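Trainee: First, the structure itself, so that you have it in front of you.
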Amino acid sequence: MRRKVIAGNWKMNMLPGEAIEFINELTPLVKDTENEVILCVPYTDLFYALLTAQNTNIKIGAQNMHFEESGAYTGEVSGKMLKSINVEYVIIGHSERRQYFAETDETVNKKVKAAFKYELKPIVCVGETLEEREAGKTVDIITKQTELALEGLTNEQVENTIIAYEPIWAIGTGKTATSEDANNSIKEIRNKIEKIYGQETASRVIIQYGGSVKSGNSKELFGMSDIDGGLVGGASLKAEEFSKIVNFDK
Ligand code: 13P
């Protein structure tokens, strides 16, 4: 049985004081869950979030990293730097980074490899635009993105990668993929992984859904056969709402 993993992606929100307050409020609300709870916070919150989440079941992640270890890359943060303060997870290839910051399948793959080099667990985002969906290209796009992101990884590394299927048209729009639709897309991603890495590895990979997840739809979405939890944007900014999503099975 795969575990359910619920990750919040705060995006460019929350000051350190707010992060501390949020984690203190969330801690008792999620302490009894068997699901994995992750908060991916801005760089400026990481240190405070890590300290506040110590001795809790809340894990902390970053939202991006550079693939080089160090050097003349003004404004960038490396995997080695994240690891040095005990960050555990890192989102790679979010559609907002692909769209606004020139992230490509190639840089995504480099970052995933660098994440493993520094013992960070990558959460790799894939997803189609509305235009691609309407042109019937969804499966092509998401399976290709998955294949390229994972290229050159060992089976063990693939098993330790979390994939987040986030249809771009569902992000921040209030539109959610139907649970059947999301489940089918995720099955296609899993089939692709099976073709390349075999059944056992494919059956172990955590694949989340993301895009307007909230407490009102999480139970149905995460109850589907292949949806192993979610990557949550807007609804992860309020501790009580986020805790309800984490506790979708209670
Ligand atoms: P929303 O939950 O706000 O739609 O954002 C989804 C997302 O992009 C998470 O990474």
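Trainee: Could you identify the single residue in ILE193, ILE189 that is crowded, with 22+ Cβ neighbours inside 10 Å, in contact with a Ser or Thr (Cβ under 7 Å, 6 or more places away or on another chain), within 20 Å of ALA7 (Cα to Cα) and not small (Gly, Ala, Ser)?
Mentor: Going through ILE193, ILE189 in turn, the sole match is ILE189.
Trainee: Does the range 163-174 contain at least one residue that is among the charged types (D, E, K, R) and either out of contact with any helix residue (DSSP H, G or I) (no Cβ under 8 Å at 6 or more places or on another chain) or away from the ligand (no atom under 16 Å from the Cβ) (or both)? Before you say what the answer is, go through the steps one by one.
Mentor: Quick first cut of the range 163-174, residues among the charged types (D, E, K, R) only: 166.
Okay, now just the ones that are also either out of contact with any helix residue (DSSP H, G or I) (no Cβ under 8 Å at 6 or more places or on another chain) or away from the ligand (no atom under 16 Å from the Cβ) (or both), so none.
Within the range 163-174 (the criterion being among the charged types (D, E, K, R) and either out of contact with any helix residue (DSSP H, G or I) (no Cβ under 8 Å at 6 or more places or on another chain) or away from the ligand (no atom under 16 Å from the Cβ) (or both)), the answer is no, since none of the residues qualifies.
Trainee: (1) assigned to a helix (DSSP H, G or I); (2) out of contact with any Gly (no Cβ under 7 Å at 6 or more places or on another chain): which one isn't true of PHE242, the others all being true?
Mentor: The failed condition is (2).
Trainee: Please state which one of ILE123, ILE142 is within 17 Å of ALA7 (Cβ to Cβ) and either assigned to a helix (DSSP H, G or I) or in contact with a strand residue (DSSP E or B) (Cβ under 7 Å, 6 or more places away or on another chain) (or both).
Mentor: ILE123
Trainee: Does the range 175-204 hold any residues that are within 15 Å of the ligand (Cβ to nearest atom) and basic (Lys, Arg), and which are they?
Mentor: Answer for the range 175-204, where residues must be within 15 Å of the ligand (Cβ to nearest atom) and basic (Lys, Arg): just LYS175.
Trainee: Confirm whether LYS219 is surrounded by fewer than 18 Cβ atoms within 10 Å (Cβ to Cβ) and within 30 Å of GLU21 (Cα to Cα). I'd like the intermediate steps shown before the answer.
Mentor: Details: surrounded by fewer than 18 Cβ atoms within 10 Å (Cβ to Cβ): yes; within 30 Å of GLU21 (Cα to Cα): yes.
Yes.
Trainee: Residues that are in a strand (DSSP E or B) and either more than 18 Å from the chain's Cα centre (by Cα) or within 16 Å of the ligand (Cβ to nearest atom) (or both): does the range 42-58 have at least one?
Mentor: There is no residue in the range 42-58 that is in a strand (DSSP E or B) and either more than 18 Å from the chain's Cα centre (by Cα) or within 16 Å of the ligand (Cβ to nearest atom) (or both).
Trainee: State which residue pairs qualify: first residue touching a residue at least 60 places away in the same chain (Cβ under 8 Å) and inside the range 82-99, second residue among the polar types (S, T, N, Q) in any location, beta carbons under 8 Å apart, and separation of 6 or more residues or different chains.
Mentor: If the second residue must be among the polar types (S, T, N, Q), the pairs left are ILE91/ASN9; ILE91/GLN63; ILE91/ASN64; HIS94/ASN9; HIS94/GLN63; HIS94/ASN64.
Trainee: Looking at GLU132, GLU128, can you tell me which residue is outside any strand (DSSP E or B), more than 16 Å from the ligand (Cβ to nearest atom) and either of a type in the set (A, V, I, L, M) or at negative phi (or both)?
Mentor: GLU132
Trainee: Would you call ILE186 farther than 26 Å from ASP105 by Cβ, in a helix (DSSP H, G or I), touching a residue at least 24 places away in the same chain (Cβ under 8 Å) and touching a strand residue (DSSP E or B) at 6+ places or on another chain (Cβ under 8 Å)?
Mentor: The answer is no for ILE186.
Trainee: THR33 passes all but one of (1) hydroxyl-bearing (Ser, Thr, Tyr); (2) under 18 Å from the mean Cα position of the chain (by Cα); (3) closer than 23 Å to GLY211 by Cβ; which number fails?
Mentor: With (1) hydroxyl-bearing (Ser, Thr, Tyr); (2) under 18 Å from the mean Cα position of the chain (by Cα); (3) closer than 23 Å to GLY211 by Cβ applied to THR33, the lone miss is (2).
Trainee: So which residues in the range 221-237 are assigned to a loop (DSSP other than H, G, I, E, B) and either closer than 15 Å to GLN208 by Cα or away from the ligand (no atom under 12 Å from the Cβ) (or both), if there are any at all?
Mentor: GLY223, MET224, SER225, ASP226, ILE227, ASP228, GLY233
Taken together, the values in this text are just the output of simple stated rules run on the coordinates, not laboratory data. Note that this is a predicted model, so its numbers are computed, not measured. In this analysis, Cβ positions are derived from the backbone assuming ideal geometry, glycine residues included, and neighbour counts consider all displayed protein chains.
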